[in-house]
Amino acid sequence: MTTTPSQTLASFAATLTFQDIPEPVIRRAENLFVDWVGSALAGKGARAVTAIERFCMAMGPVPEPTGSHTVQGAAEILMSRRTTSPYLAAMINGASSHFIEQDDVHNGSVFHPAAVVFPAVLSVAQATGRSGRDLLTAAVAGYEVGIRVGEFLGRSHYRIFHTTGTAGTVAAAAAVGNLLQLTPEQMLHAFGSAGTQASGLWEFLRDAADSKQLHTAKAAADGLLSAYLAADGFTGARQILEGAQGMAAGMSQDADPAKLTDRLGTRWALAETSFKFHASCRHTHPAADALLAVMREHDLRHADIARVVARVHQGAIDVLGAVTVPQTVHQGKFSMGTVLGLIAVKGVAGVREFEQDYLHPEVAAFRDKVEMVLDEEVDRTYPARWIGKVTVHTNDGRVLDGRVDEPKGDPGNTLSREEIEQKVSRLAAFSGAASASDMAAFYAWAWRLADHPHVGRLFSGASA
């Protein structure tokens, strides 16, 4: 009998072991894990994230009488350091880690793996007493599956659907399924249950709605649910990805099943994943880096610039074009003009700059000088490459072109561990979720993650 792409992918995810994974990929996975923790901490205090946490705590295990920060359960809510069931912890941490817009991204699939994979595997590893090696192996399985599902669904899918919510549900199922040691057949059923729940639509951007946090919360939690159900004999569609009434049939016009099994075990897609340097939608990063390069090369100030043309791919127009004048900080992160305005006026588009200055008069004035246009080369190479190109018109009549072939954070222009620590510490300090001493202890532990026989809690006690 012919083996389907879904079967091949499920078998890979179920049978992947730590020994199968090259050491550089393990090191990269550790880097991505530490980077993710920063984003999960940074969601503390965000209204949308807090709403999801309140719901989960109301619906979850009953608090013990010994203290307000101790509840029944074995999985940690990173931003508050309370504990709850793995399912609810995955939901809360998933919501939290996609709020600040600094979680990782895989270019080719236009997918944010960390925000859905790590919340799920951390909560299950903590609840089941698994090792650091087990967590890392499961995370790699989730990344490899989710990235390939995103690539399979294609560019047409991303125009309407938030791939992190859709492919992310399957990624979380693969990761937790590996941790639970599902058989290949059980993993296939986990995919089926995950795919039938997969969702996430971009319409929320037009209203500055909170749905993006729900996308990652549900993807992490529903992937976990799918794996646990499969372990208990619950069945799912065997070809939920490529079947006649599966995900691709309903969500894509250019799906390519060959991408589901692309060089499994030899091409490690996790190693292709990028860190996010700016605290904004990744579609803004190439142009932001290109503008920064032009301003530095020609010693320009924002007042010297009359107009900026950001030359982008169609995906950037599809996602960012809905935002003209942002109504919230989060919506400002999806405004090309606002991001370039912060770069020009403040020199950086970080979490504090967005929080304090996204509507600053000088930033708003610069925002109105920015135009996005479709660039044939940029669009042709996307999503494999995210080239940044801008044309800057100065007040004294000069026309200056800027280009960046690999934005800061891409594998060829990556962050060092020192830079990752600096970024994560900034995020923790921004939200007040952890002190400098908390973070120093975490780094000492996390850089030896593969050596720990039990994952346990990352932080202790009430949050800072």
Over segment 218-320 - Rg/Rh using Cα atoms and the Kirkwood inverse-distance radius: 1.14
Reach of Lys44 by Cα under 21 Å, taken over lysines that are not fewer than 8 positions away in the same chain: Lys212, Lys218, Lys276, Lys333, Lys423
Projected label distance in nm at Asn413 and Thr394, using a 7 Å step from Cα toward the beta-carbon: 2.2 nm
Theoretical ellipticity at 222 nm over the chain - DSSP helices of four or more residues, -39500 (n - 2.57) apiece, nearest 500: -16000 deg cm²/dmol
Hz values of 3J(HN,Hα) by residue in segment 86-97 - Karplus curve (6.51, -1.76, 1.60), Gly and Pro given as x: x, 4, 6, 5, 4, 5, 5, 5, x, 5, 5, 7
Positive-end extreme of charge dipole, the chain - chosen from Ser252, Ala58, Val363 (charges on Cβ): Ala58
For segment 101-202, convex hull volume per residue from C-alpha positions, Å³: 96 Å³
For segment 1-147, the fraction of alpha-carbon pairs in successive 10 Å shells from zero, as %: 11, 37, 32, 15, 3, 0
Alpha-carbon Debye profile of the chain, log10 I(q)/I(0) at 0.07, 0.08, 0.11, 0.13 Å⁻¹: -0.33, -0.43, -0.81, -1.13
Global geometry of segment 73-146, whether rounded, prolate or oblate, following the gyration tensor of its Cα atoms and the 1.5 cut on a/c: oblate
Accessible area of segment 258-372 belonging to carbon and sulfur atoms, whole % at 1.4 Å probe: 47 percent
Cα-Cα P(r), segment 400-464, percent of pairs per 10 Å interval: 17, 37, 28, 12, 5, 1
Probe 1.4 Å, accessible area per residue of the chain, Å²: 36 Å²
Histogram of C-alpha separations across segment 331-461, 10 Å bin width, %: 10, 27, 31, 20, 10, 2, 0
Dipole magnitude of the chain, debye to nearest 20 (Cβ charges: Lys/Arg +1, Asp/Glu -1, about Cα centre): 480 debye
Rounded percent of accessible protein surface that carbon and sulfur make up, segment 118-178, 1.4 Å probe: 47 percent
Kirkwood Rh, angstrom, segment 317-375 [1 / mean 1/r, Cα pairs]: 11.1 Å
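The values are calculated or read from the model by the stated rules, or taken from the named source; none is laboratory data. Note that the coordinates shown come from a computational prediction; the quantities given were computed from them, not determined experimentally. For neighbour counting, all protein chains shown are included, and Cβ atoms are generated from backbone atoms with ideal geometry for every residue, glycine included. Ligands, DNA and RNA are stripped out before the accessible areas are found, and what is left, the full protein with its side chains, is counted by its heavy atoms. Shrake-Rupley method; radii C 1.70, N 1.55, O 1.52, S 1.80 Å.
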